[in-house]
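The values are calculated or read from the model by the stated rules, or taken from the named source; none is laboratory data. Computed from a predicted structure; not experimentally measured. Glycine gets a Cβ as well: all are built from the backbone with ideal geometry, and neighbour counts include every protein chain shown. Please note that ligands, DNA and RNA were not included when accessible areas were found on the heavy atoms of the full protein model with its side chains. Shrake-Rupley method; radii C 1.70, N 1.55, O 1.52, S 1.80 Å.
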Amino acid sequence: MKKFDKDRLILGFAGPVLALVVAFALSTLVLLISNRDPFELYRLLFEQVSYSDVQVLIINQAGAYYLAALAVAVGFRMNLFNIGVDGQYRLAAMVAALVGASVTLPGPLQIALIVVVAMLVGAFWAGIAGILKTTRGVSEVVATIMLNSISTSLIAWLILPKNFGEQAAGSNNLTTGDIPEAGWFPGLSLSAEAGEIYGFTFVAAGCGLVYWLVLNRTRFGFDLRATGASESAAQASGVDAKKMILTSMLISGAIAGLVGMPTLLGDTHTYSLDFPVGLGFTGITIALLGRNHPVGIALSALLIAFLDKASSPLDQFGFEKEIATIMQGLIVISVVVSYELVRRYGTRRQQQKVGEELAAGHALTTEKEAAL
Amino acid sequence: MSTEVRAARVAAPKGGGRRKLSLPVVLLIIAGALALVSLVRIISGANDVTSVGQVRGALELAVPIGLAGLGGLWAERAGVVNIGLEGMMILGTWFGAWAGFQWGPWMGVLFGIIGGCLGGLLHAVITVTFGVNHIVSGVAINILAVGVTRYLSNFTFAEEPGGSSKQSPRLEGIDKITVPGLSDWMYDLQQHHWFFVSDLAGIIGGLVTRLSLLTVVALLLVPVTWWVLWRTSFGLRLRSCGESPVAAETLGVNVYKYKYIAVTISGGLAGLGGAFLSLVATSIYQEGQTGGRGYIGLAAMIFGNWMPGGMALGAGLFGFTDSLKLRGGADNVHAMLLLLAILLVIVVFWQLYRKKYVAALISAVISGLLFTWYFLTDQVPSQFVDAAPYVTTLLVLALSAQRLRMPKADGVPYRKGEGK
C-alpha cells in the first residue's frame, strides 16, 4: 500500500511538470517562429517580478482572481457551470458601491454592510439562473450567459445621472459617488513606492480556507460533491438534488459578489464605467487550472496574474505583450491534456500491477495445488 | 432484450407523445403571428417594425449567430459540447480579413472557414483523442484564439496603411444581389402601411433587397445541414455518436472519425460566421468584433432544441431584436411591449384551458404590468433595448425548456473500446 502512495506522489508531480515543460516549449516555438528571442522575453518577465511594485500588483490581481475562481469552482464541484460570475460581480459591486456611498455607519459596520449587500446581490443574480434551472429546466449555461448581458445593460441604466449615478465635473466617466472613509478596507503597506496590498486579499485567502472546510469537512460539502459526482446516486441516498442546485448556485453567486470587493474597498471606493471587467471569465480558466482545489486555485491565480502584470511593459522592449494571452491559452491546454495523460498512465500502470500480482498469486496457488 | 420488447419501446412515444406539426399548421401559426405583429404595428404606429430595412438588417445580424449555432449543432449532434465556438469565430474574422485583404473576398471566406476548422480540429484533438472535459477545452480555445489573433495583427495589419494592431484596413465587400422589379414593388407596397399586406411585403422585400451572396450560402446551409444529418447514412452515423457512442461502435462505426469530422465542420461553420462579420457585415476586421456571438449561437441552438429549423428561428429572433435596437430602437421596442403583453394574454387563455390556474395568474399579472408600462410611457430606455434579446431568450427558454432534449451522450467523454 505504501509503495502505491509513492507512485501516486510521483504521478501527482508529473502532471504539472509535464504541463509546464510542454507549455514552455510551445511558447518558445511561437516566439521563434515570429522571430523574437524567447529567452530574452522570459528574462524580462522574471525581471519584472523582482520589482516590489509589480509584486504588489500581482498579489492584488491574484486576490480578485482567486475569489472569481472559487465562485466558479463551487459550481464545478456540483457539475454546474456558472459562466455568469462576470455579470454577478459587476452588478454586486455596483449596487454595493451605491449602498456604501449613501449610508454612513461606523467603520467596520460600514464595510460589513457593503460586503453583505454585494454577497446578496451576487447570490440574487445567480439565484435567478438557479430557480430557472430547478423549476423550468433551463440550462444554467445559457441562463447565466444571458444574465451577463442583461446585467451589463442594467448597470448602464442604473449608473445614469438621472437614476443613481453621478457625473464628476469635467469628465465623461460616470460613478456611483464615493464611499465615505469609514468604508475603506485598510491595506498592508510594504513601502512607499511599492503601494499597498489590499486588505481584502487576506479575506480572499480566508474564503479559500472556508471553501475547503465546507466542502471536505461538512455534511453539506459531502452532499454537494456527491450530487456533482452522480445526481441519481445522491438522490437515491436522500439528497434533494434540486435544493442542492439552488443552494450551490446561491453560494457561487455570493462568492462572485465578493470579486469586486478588493478593488472597491481597497482602491477605487466607487463603481465607475472603467471598473475592471472580465474577471469572471478569467476565473473559469483559473478554476480549471487549479482543478477546483483551493491551493491549486491560489497557485494558478498567481500564475495568471503574473503573466498579466509582468507582460504589460513588454511593449517597451520590442515584444508584443499579447504573447502573454497566447501563453495563458497554451498553459491551460497543456495542463488539462497532461493531467489526462498522467491519469491514464496511472490507471494503466495500476491495472498492470494488479494484473501481475494476480498472476503471481495465481501461480502460487497452482504450485500449492501441485504440491498437494 | 427480445426484439418485440425493443420494437414496442421504440413505437411507444409515437402514440403518446406530442403531435408533430404539419406544414399547413406551421404556415397558419406563422400567418397568425404576422397578423398579430401587424395589428401591434397599426395600434402603436411603429411602422418600422416590419420595414424592408428592418428585415434586411435582422437577416444580416442573424446570419453570423445562425452559422455559429449550426456549428454548435454539428458538434453537439456528434456528442461534443463546443463552447469554443466564440474562439473559432474570432479565428474566422481574422483569417477572413487577412486573406480577404490580400486576395479578394471569396478567398477571405475560404480562409475564414480554414481558420475556424483549425480551431475545431484542435478542439477535436483535445476532447476526442485526449478525452479532456469539453468545456475546459472550449474555454482554452477561446483564450488562445484571442491571443493568436491579437498577436498576429501586430505582424500583419499593423504594417499595412490604414490598419493597426487592433483593426485591418478597409476590405473589399462581397457582391449583393437585388431582385429587380420585385424589390421595388415590395418596397412600395410596404410604404402603404396596410394591415398584413404591407408586413408581408416588408418581409419579402427584406429577403430580396441587397442580399449578400454569402447570406444566400448561409441560408442554404440550414436545409443542407438538416438533409445531411437526418437523411443520409453519414448523418445517421454521426448522430449515433452523439446519442450512444458505444452502440455506434458495436455496429462498426468509427466513432473517433465521425467526431473529428463533426467538430472540424463545426469550427468551419463558426469560422464562416466570423468571416461574414468581417467581410460582409462591416467590411473591416476589428478586435473583439464577435462580441459573444459564439455564445449567443450556442443559446440559439439550445433554443431550437438541437434542430436546424429551430436554431434558425432562434437566430432570427436574436437578429430581429438586435436590428430593432440598432434602428432607432426606443419606439420599436416600445411597440414590442404591446406585442409581448398581447402574447401573454393568449398564454393566459391557453393555461386556463389547460387548467393551470397559478401559471395563468402569473402570466396575467405580468401581462397587466406590460400593458401599464406601455400606456404610461412613450419610449423604453435604450439600455433596456440592449437587454431585450437576452430577456426574450430567457423568457422563451423558461416557457419551453422542458420540451428540449439534447443528444443523449452530449458532453460525455468517450474512449475507443469502451463497449467491449
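A few points about this structure:
- Candidate set: region A:262-311, residues that are of a type in the set (Phe, Trp, Tyr) and part of a helix (DSSP H, G or I); chosen: the one farthest from the other protein chains (Cβ to nearest Cβ): A:PHE306
Per-residue answers, yes or no, for (1) free of Cβ contacts under 8 Å to residues at least 24 places away in the same chain; (2) open to solvent by 40 Å² or more (accessible area, probe 1.4 Å); (3) within 14 Å of another protein chain (Cβ to nearest Cβ):
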| position | (1), (2), (3) |
| --- | --- |
| A:VAL103 | yes, yes, no |
| A:GLY107 | no, no, no |
| A:VAL116 | yes, yes, no |
| A:SER151 | no, no, yes |
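- The combined condition, being assigned to a loop (DSSP other than H, G, I, E, B) and without any contact (Cβ under 8 Å) to a residue 12 or more places away in the chain, is not fulfilled by B:LYS416.
- Residues being farther than 20 Å from B:ARG327 by Cα, part of a loop (DSSP other than H, G, I, E, B) and more than 9 Å from chain A (Cβ to nearest Cβ) - total across region B:370-412: 7
- Qualifying residue in region A:230-241 (condition: assigned to a helix (DSSP H, G or I) and open to solvent by less than 20 Å² (accessible area, probe 1.4 Å)): yes
- Checking each residue in region A:118-137 for being open to solvent by 30 Å² or more (accessible area, probe 1.4 Å) and more than 14 Å from chain B (Cβ to nearest Cβ) picks out A:MET119, A:LEU120, A:PHE124.
- Top-ranked residue of region B:360-395 - restricted to ones that are among the β-branched types (Val, Ile, Thr) and over 23 Å from the mean Cα position of the chain (by Cα), ranked as least open to solvent (accessible area, probe 1.4 Å): B:VAL380
- Looking across region B:396-414 at every residue that is of a type in the set (D, E, K, R) and open to solvent by 40 Å² or more (accessible area, probe 1.4 Å), the one that is farthest from A:VAL337 (Cα to Cα) is identified as B:ARG403.
- Among the residues examined, B:TRP106 does not qualify as crowded, with 18+ Cβ neighbours inside 10 Å, aromatic (Phe, Trp, Tyr) and away from chain A (no Cβ under 11 Å).
- Selection from region B:293-324 of residues that are more than 11 Å from chain A (Cβ to nearest Cβ), more than 8 Å from the chain's Cα centre (by Cα) and in a helix (DSSP H, G or I): B:ARG293, B:PRO308, B:GLY309, B:GLY310, B:LEU317, B:GLY319, B:PHE320, B:THR321, B:ASP322, B:SER323, B:LEU324
- Checking every residue in region A:162-171 against the condition of being within 12 Å of another protein chain (Cβ to nearest Cβ) and of a type in the set (A, V, I, L, M) gives zero matches.
- Those residues of region A:11-44 which are open to solvent by 50 Å² or more (accessible area, probe 1.4 Å) and within 11 Å of chain B (Cβ to nearest Cβ), in sequence order: A:LEU26, A:ILE33, A:ASN35, A:ARG36
- Filter result (surrounded by fewer than 13 Cβ atoms within 10 Å (Cβ to Cβ) and not in a loop (DSSP other than H, G, I, E, B)) within region A:159-187: A:GLU181
- Residue check, B:ALA335 open to solvent by less than 20 Å² (accessible area, probe 1.4 Å), touching a residue at least 24 places away in the same chain (Cβ under 8 Å) and among the hydrophobic types (A, V, I, L, M, F, W, C): yes
- Taking the conditions (1) within 14 Å of chain A (Cβ to nearest Cβ); (2) more than 27 Å from the chain's Cα centre (by Cα); (3) charged (D, E, K, R) in turn, B:GLU160 satisfies each one other than (1).
- Some residue of region A:338-356 being open to solvent by less than 20 Å² (accessible area, probe 1.4 Å), closer than 30 Å to B:THR149 by Cβ and either within 14 Å of chain B (Cβ to nearest Cβ) or of a type outside the set (Val, Ile, Thr) (or both): yes
- Hits in region A:256-305 (condition: open to solvent by 30 Å² or more (accessible area, probe 1.4 Å) and at pLDDT 90 or above): A:VAL295, A:ALA298, A:LEU299, A:LEU302, A:LEU303
- Counting only residues that are in contact (Cβ under 8 Å) with a residue 60 or more places away in the chain and among the polar types (S, T, N, Q), region B:231-276 holds 4 of them.
- Filtering region A:66-88 to residues that are within 14 Å of another protein chain (Cβ to nearest Cβ) and assigned to a helix (DSSP H, G or I) leaves A:ALA68, A:ALA69, A:VAL72, A:ALA73, A:GLY75, A:PHE76, A:ARG77, A:VAL85, A:ASP86, A:GLY87.
- There is no residue in region B:279-292 that is open to solvent by less than 60 Å² (accessible area, probe 1.4 Å), assigned to a helix (DSSP H, G or I) and either within 14 Å of chain A (Cβ to nearest Cβ) or polar (S, T, N, Q) (or both).
- Checked against (1) among the aliphatic types (A, V, I, L, M); (2) open to solvent by less than 10 Å² (accessible area, probe 1.4 Å); (3) in contact with an Asp or Glu (Cβ under 7 Å, 6 or more places away or on another chain), B:LEU67 passes all but condition (3).
- Contact map, region B:387-405: residues that are under 22 Å from A:TRP157 (Cβ atoms) paired with residues that are open to solvent by less than 60 Å² (accessible area, probe 1.4 Å) and aromatic (Phe, Trp, Tyr), Cβ distance under 6 Å, separation 6+ or inter-chain. Pairs shown: B:PRO389/B:PHE318.
- Subset of region A:312-337 that is more than 9 Å from chain B (Cβ to nearest Cβ) and hydroxyl-bearing (Ser, Thr, Tyr) - its residue that is least open to solvent (accessible area, probe 1.4 Å): A:SER334
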